[in-house]
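Please read the structure below before turning to the comments.
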Amino acid sequence: MGLSAFFLPERLPRQFIYAGDRHAEIVRLRKQKIVERTRVAGAALVENADAAWAGIAPGLLREDAGIVFNAAPFIYNFFEFDKLPWQKKTLSDLVAWRLQKIFPENIEAYDHRFFRLDGKRVLSILVKKALLEKTERLFAEQRVPLTYIGNSTMEIMARARRAKTAPDFFLESDQAGCTLLFLNRRSPIYIRKFKSASAADTGDEITKTVNFVRNNYNIDPRRYWLIEHQDAAAAAAMEEQLAGADFSRLQTGLGAAPHLPA
């Protein structure tokens, strides 16, 4: 399971843009392997798409493309019911009713997707329609067909669920932005996004969050994946920090871009 493509392609495109925190990456794939990777520093596609696009557009080929946003523009909610109906319309109405009870903003301004996790739980995901519309417009102006829109956290989660050895949780770190997603028996149970100024701060926040999950979900998360969007030095500093808190890093075995669809 992952965040399904908003446009359902028969096959995945071979070039992707990753829209990160104050940077973007253009990644080209051949046979699911990276053959070219270009980082565009300072490109904030969510906050200032037009300015960011000026540095991205020249690096795109006139072929099908996808874009994968980091977690920042997305809102996640887990909903649990006594029993989920199997009828699609009834389930959709039930989830919408629950969302309306807790969501303070105008839901009509958001694209809402949800995913059945089991017989009782769903994962709800919101993203502003304006962001999707702006993204479509930018690609159309460059005559680059946009065939896939995704979310890096959901892409990683999908891979974690299929992994031979699944982590208890993973950390996706992108400069100041951090996302934690916890799994229980390969099913997502809790997601938290936060900002951090240092590896030490991130380590403290992870420990607090793990304690919360341990106390509320009756599991003991220890093994994790680390997806670091900065560099190897930042990843090493984070791994050292978490080792001191008795967390054990598992290698993803997914190559250099586990946040992209495969």
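A quick yes/no check of all residues on (1) touching a His at 6+ places or on another chain (Cβ under 7 Å); (2) closer than 30 Å to GLU36 by Cα; (3) in a helix (DSSP H, G or I):
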position	(1), (2), (3)
LEU61	no, yes, no
ASP82	no, no, no
ALA96	no, no, yes
GLN100	no, no, yes
GLU108	no, no, yes
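Got a number for residues in segment 57-99 being under 23 Å from MET154 (Cβ atoms) and of a type outside the set (A, V, I, L, M, F, W, C)? Walk me through how you get there before you give the answer.
Quick first cut of segment 57-99, residues under 23 Å from MET154 (Cβ atoms) only: 64-81, 84, 88, 91-92, 94-96, 98-99.
Of the ones still in play, those that are also of a type outside the set (A, V, I, L, M, F, W, C) are 64, 66, 70, 73, 76-77, 80, 88, 92, 98.
Number of matching residues: 10.
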Where PHE78 falls short, out of the listed (1) farther than 16 Å from LEU260 by Cα; (2) modelled with pLDDT under 95; (3) not aliphatic (A, V, I, L, M): (2)
Any hit, segment 120-129, residues being in the same structural domain as GLU105 (by TED's automatic domain parsing) and assigned to a loop (DSSP other than H, G, I, E, B): yes
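Taking segment 131-166 as the search range and keeping residues that are among the hydrophobic types (A, V, I, L, M, F, W, C) and touching a helix residue (DSSP H, G or I) at 6+ places or on another chain (Cβ under 7 Å), which one is surrounded by the fewest Cβ atoms within 10 Å (Cβ to Cβ)? Let's see the steps before the verdict.
Restricting attention to segment 131-166, the residues satisfying the condition of being among the hydrophobic types (A, V, I, L, M, F, W, C) are 131-132, 138-140, 144, 146, 149, 154, 156-158, 160, 163, 166.
Subsequent filtering for residues that are touching a helix residue (DSSP H, G or I) at 6+ places or on another chain (Cβ under 7 Å) retains 138, 146, 149, 166.
On the way: LEU138: 20, LEU146: 22, ILE149: 21, ALA166: 17.
Selected residue: ALA166.
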Residue selected from segment 179-208 under the condition without any contact (Cβ under 8 Å) to a residue 60 or more places away in the chain and part of a strand (DSSP E or B), by the criterion surrounded by the fewest Cβ atoms within 10 Å (Cβ to Cβ): LYS195
Filtered residues of segment 44-60 (kept if surrounded by 13 or more Cβ atoms within 10 Å (Cβ to Cβ) and touching a residue at least 24 places away in the same chain (Cβ under 8 Å)): LEU45, VAL46, ALA49, ALA52, TRP53, GLY55, ILE56, ALA57, GLY59, LEU60
Filter result (in contact with a helix residue (DSSP H, G or I) (Cβ under 7 Å, 6 or more places away or on another chain), among the charged types (D, E, K, R) and either outside the structural domain of ARG223 (by TED's automatic domain parsing) or under 19 Å from ALA257 (Cβ atoms) (or both)) within segment 167-203: GLU172
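The values are calculated or read from the model by the stated rules, or taken from the named source; none is laboratory data. Remember, it's a predicted structure, so these values are computed and weren't measured experimentally. For neighbour counting, all protein chains shown are included, and Cβ atoms are generated from backbone atoms with ideal geometry for every residue, glycine included.
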